[in-house]
Each structure stands twice: as structure tokens, then as C-alpha cells.
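Below: one structure, written as C-alpha cells.
The values are calculated or read from the model by the stated rules, or taken from the named source; none is laboratory data. Source: prediction; values computed, not measured. Note that each Cβ is placed from the backbone with ideal geometry, even for glycine, and that neighbours are counted across all protein chains shown.
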Amino acid sequence: MEPVRLFNQSTLQIQNCGAKGRGIVTTVAIPTRTVIDISPILLFPSEEYSTHGQHTHLDHYTYRWKGGMALALGLGSMFNHSRTPNVGFQRDINNGLIRYSTLREIDVGEELCISYGPNLWFPDMEDPQDHNNGSNNGEASKGVVSDSEDETAESFFSRIQLSDGEDDDDSV
Ligand SMILES: C[S@@+](CC[C@H](N)C(=O)[O-])C[C@H]1O[C@@H](n2cnc3c(N)ncnc32)[C@H](O)[C@@H]1O
């Protein structure tokens, strides 16, 4: 596909990122700790999700959320995964939003990626070992990230909390 400038964020564009499918790329350099998007979510209650949603393509896009699974509307559904993400996110459960912020300085033309956590349901194209053996392409449950109540060391929530200032330490 041709890169398409996004209406609400004119410095980011969505484009084809090879085997990963579509992804988000920046057309300008971005300083660290910059909020780059705030995506409202659509909540699917747990029962509805287990009966219907998880059997559909939605299951590749949803975030674990209090009371069910959430689909991020807008950019939030377009971030690809990296083991070394340059974007972090924070769920705002009360307001039904996810805030995305840069974790380091980002150069022009870089793809913006989040970490989905350790349980991938596809071979990671950014990880040559995984790409070769496809070892994660099996039993792992889908859903983009781990439960906020049950964070793993590799997931964003255990690494940084930007917007509420409770913990803005990058360390794991
Ligand atoms: C939330 S969607 C991201 C947007 C997606 N690329 C698209 O075009 O709709 C998650 C899907 O993107 C793909 N994906 C994301 N990160 C990837 C990676 N590092 N390696 C391979 N595929 C990836 C997988 O197919 C995954 O199910």
C-alpha cells in the first residue's frame, strides 16, 4: 500500500512494513517521552469476548482490560511488536483510553513499535531466531498485552508509568 498520512497526527503515517503487515512510521524526529497518540477503546465484556470475539480476527488486536478485552480505536491497533520497543503505553481504565509515549529519541523514518509482552502468537519478524524456527507460533494466547494486574518483566507496564507520574523509571 502507499503510505497514508493520518488525519489526526500529521507527522505519523501508516505504511506497509513487510511481513508484519501495516505499521506506523514517523516522518519527523521525536524526542523521548513524547505522547504520540491517545486511543479511545471499545470494551468487549469478558463473556461476549470469550463467546464471540476471540474466535475472530479481533483477537489479533485486543488489549487485556479490566472486565474484558479492549479494541484500541485508531493508531493503537496499528502498532507492531518489538522486543525492544520505542513506544510504551499506559491504559487509563477510568477514561477508557490508552496513551502512547516514546521511550527514547526516535529518528525520521523509524517504525514505532510497542511490546506485546512475551507470549506472541506469530513468528517475530524482528527476531531472526524466532523467524527461523517459528517457535512462538503456537500455543500462546492472543491479546496484545498482559493483564495490568499481572505484568511480566517484559511488558510495558512494569517498565514505565508516564502520565500519572507515579513511576517514571525506565528500569525493569
Ligand atoms: C495489532 S496488529 C498490528 C497491525 C498489523 N500489522 C496490521 O497490518 O493490521 C498485530 C498483528 O501484526 C503482526 N505483527 C506485529 N508485530 C509483528 C512482528 N514483530 N513480527 C511479525 N508480525 C507482527 C501480527 O500479524 C499480529 O497479529
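Against the condition at pLDDT below 95, assigned to a loop (DSSP other than H, G, I, E, B), crowded, with 21+ Cβ neighbours inside 10 Å and among the polar types (S, T, N, Q), how does Ser141 come out, does it pass?
Working: at pLDDT below 95: yes; assigned to a loop (DSSP other than H, G, I, E, B): yes; crowded, with 21+ Cβ neighbours inside 10 Å: no; among the polar types (S, T, N, Q): yes.
So Ser141 fails the test.
From the set of residues in segment 79-93 that are touching a residue at least 60 places away in the same chain (Cβ under 8 Å) and assigned to a loop (DSSP other than H, G, I, E, B), which is farthest from the ligand (Cβ to nearest atom)? The selected residue is Pro85.
The number of residues in segment 37-68 being surrounded by 13 or more Cβ atoms within 10 Å (Cβ to Cβ), in a helix (DSSP H, G or I) and out of contact with any Gly (no Cβ under 8 Å at 6 or more places or on another chain) comes to 5.
Of everything in segment 100-114, what is over 14 Å from Leu75 (Cα atoms) and either touching a His at 6+ places or on another chain (Cβ under 7 Å) or outside any strand (DSSP E or B) (or both)? Give them in sequence order. Leu103, Arg104, Glu105, Asp107, Val108, Gly109, Glu110 - these are the residues of segment 100-114 that are over 14 Å from Leu75 (Cα atoms) and either touching a His at 6+ places or on another chain (Cβ under 7 Å) or outside any strand (DSSP E or B) (or both).
Pairing residues of segment 56-69 that are touching a residue at least 60 places away in the same chain (Cβ under 8 Å) with residues that are polar (S, T, N, Q) and in a strand (DSSP E or B), at Cβ distances under 6 Å and at least 6 apart in sequence or on separate chains, gives Met69/Thr62.
Count of segment 98-119 residues, restricted to those that are over 21 Å from Gln13 (Cα atoms) and either of a type in the set (Asp, Glu) or surrounded by fewer than 19 Cβ atoms within 10 Å (Cβ to Cβ) (or both), is 2.
Annotation note: of Gly76, Gly96, the sole residue that is under 11 Å from the mean Cα position of the chain (by Cα) and touching a residue at least 24 places away in the same chain (Cβ under 8 Å) is Gly76. Would you say Gly18 is closer than 30 Å to Gln129 by Cβ and more than 16 Å from the chain's Cα centre (by Cα)? Yes: the conditions hold for Gly18.
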